[in-house]
Amino acid sequence: MTAAFDNHSLQPMLDSSAPSLFVMIPQQMGAGAEPEDDATLGRAEDKIMLRKLATEFANKLPEQEFSPAEIQSFLLEYRRSPHMAVENVQEWVVRAREAKRRTKRADSGVIQEGGDLLD
């Protein structure tokens with residue numbers, strides 16, 4: 001028996017993963033890796049700013065459209081610049097949607113003479 005994979009039941013987890021991924025990527029790259037103490041108070045402030053950016057980032061993503069893997073792939077491009085990830089996420093959404101649309105059209109096999117895809 002094959003178990004069905006219900007994407008809708010996972011959607012709350014997928015939607016809530018964007019902020020977690022946003023915070024996790026810079027930390028994996030070494031930002032904030034040292035333990036906090038009085039000498040690293042700036043790190044705590046950085047974490048607060050990173051959480052604010054994560055919320056802003058998540059608010060710019062459409063719900064139930066991108067997988068955690070797609071979001072992580074985007075974030076890895078900006079692993080050293082979280083501010084730029086927030087600034088560029090809406091442009092990425094447009095490009096990713098277009099790429100998905102082209103892939104879907106190509107998969108449909110509707111190609112006109114000369115190799116162009118038909119709408």
Any idea how far apart Ile48 and Leu76 come out in nm if each label point goes 7 Å out from Cα toward Cβ? 3.3
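Which peptide among 95-103, 67-75, 53-61 comes first, and what is the full order, when sorted by highest mean count of other Cβ atoms within 10 Å?
Numbers: 95-103: 12.0, 67-75: 16.6, 53-61: 18.1.
Put in order of decreasing packing, that is 53-61, 67-75, 95-103.
Just so you know, all these numbers are worked out from the coordinates, no wet-lab data involved. Everything numeric in this text was worked out from a predicted model, so none of it was measured. Note that each Cβ is placed from the backbone with ideal geometry, even for glycine, and that neighbours are counted across all protein chains shown.
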